[in-house]
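Notes follow once the structure below has been shown.
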């Protein structure tokens, strides 16, 4: 057989390893900062760009898309070439992909700090960056499929299936969740409103976890774990079932993020059922990974690479058991909006993604530099300090979640809330926040030690840009397997495989989303719910810019403990003009759905400028710039027009009167504040956001009064 | 728009039943597929990551 000699591109892999380590450090550093800010709010230094609600999305985006994102590309560019026995399709595409992705990350960091955000979790970036992401992702896709097409190995190993599913699904999710109408450069509104927007967002959000943090990393697990253990995967059959069951079921589970909300009940139940079913393929995958190590457990004791892998795969198993349990309505009723969710995602992020990335780095760097790891001792130290960090992080957040949810739901014998002041339940868990930040510090210390160890390793070795390899060309191999059928037929044909994968992931999404569009009765309309006034709309955009939804929900669930605390539970019809929905997913502060009319304007004024004046001990950061910055009034007509285009019933020509209406309402609020001794110009941003606060949840009250 | 036209035409149970049937068919199909694979094929696939065609063999051992 005529062998071909060719070269693997190691240089691009090296670039991604550096980016992975660099952004990992940055993302975790920002995480540590916000972990401390949550109990020392003054650490925002009254600078908008350093405020918790703006930089928390930087932390999540940096860890997901910068750290794990580059980790995915590092692993794929290394393993795909070797599994296909071919160099990447095109070097130029590789480098455009690399620099394009780094550019997106840099733009994300800057724009999120500036408050340019859509408010949708893990999809916060505004429309020009959304387009850039789509372009770079397609370039990545072309490069991967090009490599698969020119491969010398007939069969596609299971890792490649996971890569294909990732590329296809992330593209679909990103495009559908980013359908928005631009109002200006860097500002847009989603075409969906309220309940529909929530469903699409969490269909996206859940599957960002599934197809960005899970499937590509499972691909890496199926490649790097056998490599590191130097033995094949435990069961290839199991990996086939793992793959198809996982990608098919995952896509349905999104609505479990919206249990007990105003989402129609059938959609909630669907989310729960599929979440429970997810345990099977997830644990199948975990067992497949762990059993690969059967017979070599002695190696696990000595090899830091394997230690990291064992904990990573175990954390995957724990997180994928915890997720379905949290998707049970009764469990969700207790722990939604609490720190349990934060702990859950960090078992995934620190344990599964973090530790698997570290193991791949510890394995890959010596390999790329043709040397041994500089210090196993330091790697072991990293393992233990990182592991301890996870334990501190998770246990403190579980404790905090249990404490707080019990306090939220505790009634006195007289039937009143025992802790009616929300702040009391927050102050109770501050020690847990402190321990959490300690866990984060330990974890970050480990990362710094790793970087030192890897740099030392690189220095003692010699890097080979292009690694020579040999394999027989595919033409010859073709004849041999011509008669294959079934899955064998399928997995040797990337196009058919990709089409089937796409169908598998589309079914769940379509069956969930289409009925929401078709059936009007799913969103009962309420006659008294009217569009926002121009000033309230501007105020709402400030609420979005400052990221208030990071800590405050706007969704009162139908429990007595919530209606007692916050007021009438939320109805789907109340959100029909909300582009985007702002239900939130975490209550670091209280729900704001019925805040309208609860306090006078002056209370809100003081509370924005210095929260602890109104609520002594408050952990909310101050937003003094709202009282100083001038509202961008000129943007109002464009916003009104954009809203009308996506279905909000502003009458034609209203945009021309919007500014004068806005000024009229602003002056009323300014005059009211003046009576309380606050002199503030009506064109300040704080007036707009106060008007939005006072509007929240009041439409339904107007209806009640009418009936009376 | 089109939502109004279709609002009365679609029965929600249709989606639920269709979803269930598609899922079961898909899952059973995948299981049958996996079970009927021959041993020689499985062992070839399993060993793919371990044969990467690199000329310079591992100088380091793990």
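The values are calculated or read from the model by the stated rules, or taken from the named source; none is laboratory data. The structure displayed is predicted, hence computed values, not measured ones. As a convention, Cβ positions derive from the backbone with ideal geometry for all residues, glycine included, and neighbour counts pool all protein chains shown.
Things to note:
Residues are listed down the side, and each one gets a yes or a no for (1) at pLDDT 50 or above; (2) loosely packed, with under 11 Cβ neighbours inside 10 Å; (3) farther than 29 Å from residue A:510 by Cβ; (4) within 7 Å of chain A (Cβ to nearest Cβ):
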{"position": "B:26", "(1), (2), (3), (4)": "yes, no, no, yes"}
{"position": "B:30", "(1), (2), (3), (4)": "yes, no, no, yes"}
{"position": "B:40", "(1), (2), (3), (4)": "yes, yes, yes, no"}
{"position": "B:53", "(1), (2), (3), (4)": "yes, no, yes, yes"}
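- Taking the listed residues A:149, A:144, A:138, the one that is surrounded by fewer than 21 Cβ atoms within 10 Å (Cβ to Cβ), more than 14 Å from chain B (Cβ to nearest Cβ), over 30 Å from residue A:577 (Cβ atoms) and modelled with pLDDT of 95 or more is A:138, with no other qualifying.
- Residue in the stretch A:574-581 that is within 22 Å of residue A:410 (Cα to Cα) and surrounded by 22 or more Cβ atoms within 10 Å (Cβ to Cβ) present: no
- Residue within the stretch A:231-252 that is surrounded by 24 or more Cβ atoms within 10 Å (Cβ to Cβ), more than 13 Å from chain B (Cβ to nearest Cβ), modelled with pLDDT under 95 and out of contact with any strand residue (DSSP E or B) (no Cβ under 9 Å at 6 or more places or on another chain) present: no
- Meets criteria (under 24 Å from the mean Cα position of the chain (by Cα), within 12 Å of another protein chain (Cβ to nearest Cβ), more than 20 Å from residue A:165 (Cβ to Cβ) and in contact (Cβ under 8 Å) with a residue 40 or more places away in the chain) for residue A:309: yes
- Consider the stretch A:80-97 and keep the residues that are surrounded by fewer than 21 Cβ atoms within 10 Å (Cβ to Cβ) and assigned to a helix (DSSP H, G or I). The one that is farthest from the other protein chains (Cβ to nearest Cβ) is A:96.
- Whichever residue in the stretch A:253-290 is outside any loop (DSSP other than H, G, I, E, B) and more than 24 Å from residue A:211 (Cα to Cα) and, among such residues, is modelled with the highest pLDDT: A:265
- Checking each residue in the stretch A:324-370 for being assigned to a helix (DSSP H, G or I), over 25 Å from residue A:26 (Cα atoms) and more than 14 Å from chain B (Cβ to nearest Cβ) picks out A:324, A:325, A:326, A:329, A:330, A:331, A:332, A:333, A:334, A:335.
- Condition broken by residue A:106, with the remaining ones in (1) assigned to a helix (DSSP H, G or I); (2) at pLDDT below 95 satisfied: (2)
- Within the stretch A:503-524, restricting attention to residues that are more than 10 Å from chain B (Cβ to nearest Cβ) and surrounded by fewer than 16 Cβ atoms within 10 Å (Cβ to Cβ), the residue that is modelled with the lowest pLDDT is A:524.
A quick yes/no check of all residues on (1) modelled with pLDDT of 90 or more; (2) more than 25 Å from the chain's Cα centre (by Cα):
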site: A:429; (1), (2): yes, no
site: A:437; (1), (2): yes, no
site: A:458; (1), (2): yes, yes
site: A:469; (1), (2): yes, yes
site: A:486; (1), (2): no, yes
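- Matching entry among A:199, A:218 (being away from every other protein chain (no Cβ under 13 Å), closer than 15 Å to residue A:121 by Cβ and either touching a helix residue (DSSP H, G or I) at 6+ places or on another chain (Cβ under 6 Å) or crowded, with 22+ Cβ neighbours inside 10 Å (or both)): A:199
- Checking the stated criteria, residue A:591 turns out to be modelled with pLDDT of 95 or more and touching a helix residue (DSSP H, G or I) at 6+ places or on another chain (Cβ under 7 Å).
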